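The structure under discussion appears below in the form of structure tokens.
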Amino acid sequence: MSLNPTVAKVTDRIVERSRKTRGAYLDRMRAAAEAGPARAHLTCGNQAHAYAAMGEDKAALAEGRAPNIGIVTAYNDMLSAHQPFERFPELIRDVARKAGATAQVAGGVPAMCDGVTQGQAGMELSLFSRDVIAMAASVALSHNCFDTSLYLGVCDKIVPGLVMAAACFSHLPAVFLPAGPMPSGIPNDEKAKVRQQFAAGEVDRARLMEAEMASYHGAGTCTFYGTANSNQMLMEFMGLHLPGASFVNPNTPLRDALTAAGVRRALEITALGNEYTPAGEVLDERAFVNGMVGLMATGGSTNLVLHLPAMARAAGIALALEDFAELSDVVPLLAKVYPNGLADVNHFHAAGGLGYMIGELLEAGLLHPDTRTVAGGGLELYTREPKLKGGDVVWEDGARESLNEKVLRPASDPFQPTGGLRQLQGSLGQAVIKVSAVAPERHVIEAKARVFHDQASVKDAFKAGEFTEDTIVVVRFQGPGANGMPELHGLTPVLSVLQERGLKVALVTDGRMSGASGKVPAAIHVSPEAVAGGMIAKLKDGDLLRVDAVAGTLDVLTEGVAERAPVIADLGPSHFGIGRELFAAFRGSVGPSTEGACSVL
């Protein structure tokens with residue numbers, strides 16, 4: 001199948017837009033590669049410090065003839081998705097020794113859980129933690145002792161930050177090792193119903209806690225299709241995982257075997273061998289287009305609209321919102337995974353998963369088949385699925401038909417003919433809306449505005465019974481420059497209740513919504529943000545707004561708004577406490593959300 005003309009056009013535009021920055025990036029990568037293995041340039045004293053505690057691996061490290069793996073880990077045991085990584089370093093070292101190589105934990109990076117910080121002050125550090133992770137991983141690898149790298153991370157900001165670091169160490173191969181999703185808990189629709197009942201005062205906190213604990217109940221990634229699982233999809237579509245690695249449950253024989261296979265592959269693709277595969281060549285324009293296509297086809301997290309441009313920028317590539325919008329127009333929605341449907345990622349994986357989906361998209365000409373991948377070939381390898389035979393992983397042909405068309409459909413009969421994300425542009429600025437879970441009759445909302453400066457005030461107004469007519473809720477001063485752009489996921493139950501009462505409601509904000517947001521139309525990432533004097537800072541209660549996901553517009557219909565002076569909010573309470581004072585430099589230097597809200601590149 002020939003490449004879809006829109007996919008080709010978008011790719012060519014990205015290549016042209018990035019020509020200068022990508023060329024300079026590749027020149028730097030080649031210069032680093034030509035310098036040879038980094039350890040060869042370290043003094044004896046440098047190396048002695050690096051190897052002092054390595055026990056039985058000391059001799060091999062000192063000789064410097066076999067590859068040394070640098071492990072960057074986001075392990076902690078507060079994140080269920082990252083707790084399984086506790087076992088990984090020893091497993092990796094053992095596999096490396098058996099291959100005649102060595103491995104060292106180069107460093108750890110922070111990994112915060114948005115599920116823990118939702119609605120809390122700590123959420124205001126969440127987005128910036130991505131850039132901190134990129135910096136921390138770079139510090140870890142700056143010791144220059146490594147021939148290849150393994151990255152252990154799963155969740156929301158962790159994978160994007162690690163990819164940014166891998167791109168900056170472009171001459172090193174980079175293999176990402178996931179931990180896998182936890183087994184399925186209570187049905188997602190049941191969990192959502194209890195949340196809405198609690199918001200409406202129909203059940204008590206004990207019932208809410210019971211439902212939450214039955215949903216988040218063990219080691220592994222949360223099973224809904226939010227940002228963490230969108231990250232895992234992305235790593236497979238972009239060729240940084242081994243094929244089929246994303247959604248195998250933790251602490252199973254196949255999971256461990258895939259980890260071991262990832263170690264062996266990381267050793268095979270160093271500059272010391274014949275299959276040198278530097279990260280900078282895997283992370284090219286086609287890989288990022290494939291990632292965007294995967295995002296549309298799966299109805300993935302809106303957070304990736306922020307993270308993909310930041311990751312690409314680290315590799316010298318410039319993405320724009322128009323790229324997402326044009327790809328969305330031609331990529332069909334092939335999956336229905338909660339919050340877009342009732343199934344979770346375990347059901348999706350069982351139905352055929354990413355291997356089936358990649359095969360369908362390749363057949364439809366919607367993916368670049370010839371990208372470089374850590375698996376050693378093009379994207380066709382990612383239509384295969386791993387099997388455990390004799391203790392080792394073998395890859396066999398994956399599903400060619402969906403095993404559950406309520407969850408996963410062929411490209412010829414999709415859930416929707418276009419992708420799940422839309423770009424909005426108009427007199428209020430630019431924004432993004434996710435419509436894959438929004439009913440068609442709610443794709444256009446025209447109503448009066450109620451304006452708030454935080455989500456707590458929205459909840460207070462709801463409890464006071466103030467929402468009695470169709471309303472567009474505006475929550476401003478939530479952008480990256482104001483308070484770090486926290487997710488406003490806590491609004492979902494409130495707005496859902498209003499919607500179920502028969503009101504037409506929508507959200508307009510310069511903040512973020514979780515990858516778990518769904519059925520309520522939400523125009524998010526509004527740019528310019530309020531703190532920069534954007535139009536959203538000039539709105540008042542009662543202004544007539546229109547959110548139109550069909551036409552792709554976001555407008556204020558009340559006359560004279562542009563002539564108003566922007567409101568200036570007291571942001572002091574968001575700038576101190578829980579470490580927020582340490583992030584003033586990030587708030588002061590961050591770029592617009594349309595460019596990834598990046599503060600370090």
*Residue identified as in the same structural domain as residue 385 (by TED's automatic domain parsing), surrounded by 24 or more Cβ atoms within 10 Å (Cβ to Cβ) and at positive phi among 316, 365*: 316
_As an exercise: evaluate residue 573 against (1) within 30 Å of residue 110 (Cα to Cα); (2) modelled with pLDDT of 95 or more; (3) part of a helix (DSSP H, G or I) and give the number of the one condition it does not meet._
(2)
*Considering every residue within the stretch 544-555, establish whether at least one is assigned to a loop (DSSP other than H, G, I, E, B), assigned by TED's automatic domain parsing to the domain that holds residue 445 and in contact with a helix residue (DSSP H, G or I) (Cβ under 6 Å, 6 or more places away or on another chain).*
no
*Return yes or no: is residue 93 out of contact with any strand residue (DSSP E or B) (no Cβ under 9 Å at 6 or more places or on another chain) and surrounded by 13 or more Cβ atoms within 10 Å (Cβ to Cβ)?*
no
*Residue check, residue 531 against (1) under 23 Å from the mean Cα position of the chain (by Cα); (2) in a helix (DSSP H, G or I); (3) closer than 23 Å to residue 587 by Cα, all met but one. Which one?*
(1)
_Tally up the residues in the stretch 384-432 that are of a type in the set (Lys, Arg), crowded, with 20+ Cβ neighbours inside 10 Å and at pLDDT below 95, please._
1
*Hey, among the residues in the stretch 388-419 that are out of contact with any Pro (no Cβ under 7 Å at 6 or more places or on another chain), touching a residue at least 40 places away in the same chain (Cβ under 8 Å) and part of a strand (DSSP E or B), which one's farthest from residue 268 (Cα to Cα)?*
408
_Exactly one condition in (1) touching a Phe, Trp or Tyr at 6+ places or on another chain (Cβ under 6 Å); (2) touching a residue at least 24 places away in the same chain (Cβ under 8 Å); (3) surrounded by fewer than 20 Cβ atoms within 10 Å (Cβ to Cβ) is false for residue 208; which is it?_
(2)
*Please go through the stretch 14-29 and pick out each residue that is assigned to a helix (DSSP H, G or I) and touching a residue at least 40 places away in the same chain (Cβ under 8 Å).*
14, 15, 17, 21, 22, 23, 24, 25, 26, 28, 29
*Those residues that are modelled with pLDDT of 95 or more and part of a helix (DSSP H, G or I), I need them from the stretch 142-198; list them, please.*
158, 159, 160, 161, 162, 163, 164, 165, 166, 167, 168
*asked:* When you scan the stretch 495-506, do you find a residue that is surrounded by fewer than 22 Cβ atoms within 10 Å (Cβ to Cβ), over 23 Å from the mean Cα position of the chain (by Cα), without any contact (Cβ under 8 Å) to a residue 24 or more places away in the chain and not assigned by TED's automatic domain parsing to the domain that holds residue 329, even just one?
replied: yes
*Of all residues in the stretch 332-386, how many are closer than 30 Å to residue 173 by Cβ and part of a helix (DSSP H, G or I)?*
19
*asked:* Just to confirm my filter: which helices (runs of 4 or more DSSP H) fall fully inside the stretch 274-331 and include at least 1 residues that are hydroxyl-bearing (Ser, Thr, Tyr) and under 14 Å from residue 9 (Cα atoms)?
replied: 321-328
_Hits in the stretch 492-506 - residues which are in contact with a helix residue (DSSP H, G or I) (Cβ under 6 Å, 6 or more places away or on another chain) and either of a type in the set (Val, Ile, Thr) or modelled with pLDDT of 90 or more (or both)_ = 494, 496, 497, 505
*How many residues does the stretch 471-505 contain that are closer than 21 Å to residue 189 by Cα, outside any loop (DSSP other than H, G, I, E, B) and of a type in the set (Gly, Ala, Ser)?*
1
*asked:* So, residue 423, is that one more than 24 Å from residue 502 (Cα to Cα) and in a strand (DSSP E or B) or not?
replied: yes
*Positions within the stretch 112-152 being surrounded by fewer than 24 Cβ atoms within 10 Å (Cβ to Cβ) and of a type in the set (A, V, I, L, M), in sequence order*: 112, 116, 121, 125, 132, 135, 136, 139, 140, 141
*Looking at the stretch 78-87, is at least one residue surrounded by 23 or more Cβ atoms within 10 Å (Cβ to Cβ) and charged (D, E, K, R)?*
no
*Odd one out for residue 11, checked against (1) outside any helix (DSSP H, G or I); (2) in contact with a Lys or Arg (Cβ under 9 Å, 6 or more places away or on another chain); (3) of a type outside the set (Lys, Arg)*: (1)
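The values are calculated or read from the model by the stated rules, or taken from the named source; none is laboratory data. Not measured: the values here are computed from a predicted model. Virtual Cβ from ideal backbone geometry, glycine too; neighbours counted across all protein chains shown.
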